[in-house]
Structures are given as structure tokens and as C-alpha cells.
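Report on one structure; see the data block that follows.
The values are calculated or read from the model by the stated rules, or taken from the named source; none is laboratory data. Every value quoted in this text rests on a predicted model; they were computed, and no experiment measured them. FYI the Cβ positions are ideal-geometry reconstructions off the backbone, even for glycines, and counts take in every protein chain you see. Only protein heavy atoms, including side chains, enter the accessible area calculation; ligands, DNA and RNA are left aside. Shrake-Rupley method; radii C 1.70, N 1.55, O 1.52, S 1.80 Å.
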Amino acid sequence: MALSSNHLVQLCLEKAQSLFSLLPPNVQDYISRPLVRKAVAIVVALQLLRGVNRYLSQQAQNNWVRARPWNSSRELVLLTGGSSGIGKQILLDLSKLNVRTIIVDVKEPDFRLLDITSTAALKETATQIRRDHGHPTVLINNAGVGLSGTILEEPEEHIRLTLEVNTLAHFWTVKEFLPSMIQNDHGHIVTIASMASFVALGEMADYAASKAAALAFHESLTQEIKHWYGSKRVRTSIIHPLWVQTPMISALVARRAQFRQPIMSPEKVSQAVIKQLVNSNGGQVVVPASYGFAALLRGFPNWLQERSRDRESQKLVRLQRLQQEPAKSLQN
């Protein structure tokens, strides 16, 4: 028989009272003080609200329905950009779970060579994959490009490549592999984005634009799968890492002491991806979780937004000057 909300509250109060009676008398006296009781009540209420918020968010992002439990032997993962960095770590972690994984990359000859910006090449490779292995049940759009430079300095080919790999390629891979997921009402599409989806800094215009677009792509994709195609059990996840120690930010890693920003290992990001897959949960994940507030930045007053961007951009400017000092010394 289902319990009423009043009955549940009464049970919680009785449980709290019984726990309170077990405390030492001096602790009971301290907690009984009006100010302390109010503080405890506020902390308990905040924790309760946090739990309710987490539950509602998870249910909403999963369309209020449960997907079939994860079964490693049944899944087939297609991972783009698996030759290094985050992608390579995801591959290693999937292999520990004995998950069949297909890697497409432009760099590593041991994998399927594919330029994901070429729709013709992608269509040919996708046909081969379906013929040789079946339809992928998980698509991880991980391949990424990050080439720094101001808008005036960066070459056109770098800008086009960044947008094509980090954003447009997601359209092409989803067009190839989503239909079978919808047909079976089973699948998961993971987008590897960045904290740059929320904060655009100097020398990152193309990269930040591509990651903000990836977030918009994820949101629209989620709505289309749910409402246009009525597939409630196909999950969509987007991962927003902070700085990750990969070849993409090797210059920052070399000046880590001066950079003074937390730089994560690829393992942290991979763990977040694997957790989403194994738990069959969709949604937005910020890594590390302590930076979840970044998603709220766009709702801040403009002066606070600008101050945040100013502070982070100035750090990059100072780092760039430090990198230029050795070169100037050699010239002198």
C-alpha cells in the first residue's frame, strides 16, 4: 500500500527523534538551542531540496521511463577520435567491461581511418560497419580539434576544421546511426563538449563557438528523439569537462605552475561517460561536478559574466607572455 506524504513525514520525524535520543546529553542540549536548531533545519532542508532536484532532473532527462539495463555483451559502441586523450581512455575503460568498440580516427592506422568531416567517406564506412558488425547501439562523438589563435590571426582552414569536426560532424554521424536506435527504442548518443560551451575566452572563438553549438545540437537532438520520433528510451548525454591533460592543451600543461587552473586526467572524463552508459542515464554532466555552477553563468548579470571572462582571459594572456619570454631571450 502506498504511503501518503503526511505519513512519510511522520515516519521521518519519528526516526529523527529516535536518533536524537541516542546522542549524549551535552550534544542534545547544544542542538536544542534555538539558533542551532534553525541552522540544522536549514541544512536538512537544503539537502532535501538538493536530493529532490537531483531526482527530478534525472527523471526528466530520462523521459520518466526506464531504459533496458546495460548489457555489455549486447552493446556495440562507435567512438570517434579514439587514438589519444579522452577517446583513448574511453576505449580502455570500455575494453575492461568487454564492450565491443569500433574506433574511427584520422590518425591511428590500427583503427578505421575516417575523416568524419567527409559525408561520403562517413557513409561508406558506416555501411561497412553495419555489414561487418551490425548497428551501433552507442555513438560517442568525441573527436575534437582545438587550435588557438585570435580571430584576426587564426588561418581560415583552422577555423573551418574546428567547426567541421567539433560540430558539423555530429550531424553526419547521427544521421547515419540514430535511425536504428529509434527503430529499436534503444541506444545512447554521447556528445563530448567542454566548459567552453558556457564561457568563451580570447583565442578560443572558434573552439568555444563549436562547443556552444554542440550543446545546442544535443538539446535539439534530445527534443527530436523524444517528441518527433517518440523514442523515450534512447538516451542522450553531453559531457562538459574543464581542462583535460591531452595533446590539445600541451602548452598549458607545460606551464601548469603558472597557469594555476585545475587540469584533470582523461580518466575523470571517461569515468563520467562510462557512468552515463552503464546506468542508462541521459543528461548534462559537468566534470568536475564542483564546477556545475558554470552552466548558470549565462543567467548572471552582464557585469558578472564579463568579469568572469576577463579574469580567465587575462590568465591566458599572462601565460602567453611567459611562453614568449624564452624566444625573446634567444633573439637578444
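Once C-alpha pairs closer than 8 Å and six or more residues apart are averaged by separation and normalised to the residue number of the chain, the relative contact order reads 17 percent.
A simple packing score, the average count of other Cβ atoms within 10 Å per residue, orders the peptides 57-68, 95-106 as 95-106, 57-68, with the highest score first.
With kT/(6 pi eta Rh) evaluated at 4 °C and eta = 1.567 mPa s, and Rh the Kirkwood radius from Cα pairs, the stretch 76-316 diffuses with a coefficient of 70 µm²/s according to Stokes-Einstein. Rounded to the nearest 20 debye, the dipole size of the stretch 267-317 about its Cα centre is 40 debye, using +1 on the Cβ of Lys and Arg and -1 on the Cβ of Asp and Glu. Counting only alpha carbon atoms, the long axis of helix 85-96 and the longest principal axis of the chain meet at about 60°.
Quantify, in whole percent, the carbon and sulfur part of the accessible surface of the chain (1.4 Å probe; protein heavy atoms only). That share works out to 57 percent.
Here each label is just a point 7 Å from Cα along the line to Cβ, and for residue 46 and residue 26 those points are 2.7 nm apart.
Computed from backbone phi, the HN-Hα couplings of the stretch 209-221 come to 4, 5, 7, 5, 5, 4, 5, 4, 4, 4, 5, 5, 4 Hz, rounded to whole numbers (Karplus: 6.51 cos²θ - 1.76 cosθ + 1.60, θ = phi - 60°; Gly and Pro given as x). What lysines sit close enough to residue 123 to cross-link, taking a C-alpha to C-alpha distance under 21 Å and skipping anything fewer than 8 places away on the same chain? By straight Cα distance, residue 123 reaches 107, 175. All Cα-Cα distances of the stretch 192-249, cut into 10 Å bins from zero to the largest, leave 22, 43, 23, 11, 0 percent in each bin in turn. Give the angle, between 0 and 90 degrees and rounded to the nearest 10, that separates the Cα long axis of helix 119-133 from the longest principal axis of the Cα atoms of the chain. For 119-133 against the chain, the angle is about 60 degrees. Show which lysines lie in cross-link reach of residue 38 when reach means a straight Cα distance below 28 angstrom and same-chain residues fewer than eight apart are skipped. Output for residue 38: 15. Our helix-only sum for the chain, with -39,500 (n - 2.57) per DSSP H run of n ≥ 4 divided by its residues, gives a mean residue ellipticity at 222 nm of -17000 deg cm²/dmol.
Computed packing ranks the peptides 45-51, 219-225, 287-293, 268-274 as 268-274, 219-225, 287-293, 45-51, most packed first, by mean other Cβ atoms within 10 Å. Only lysines eight or more places from residue 315 in sequence, or on another chain, were considered; those with a Cα closer than 26 Å are 211, 268, 328. Taken about its Cα centre, the chain carries a charge dipole of roughly 1140 debye when the Cβ of each Lys and Arg holds +1 and the Cβ of each Asp and Glu holds -1.
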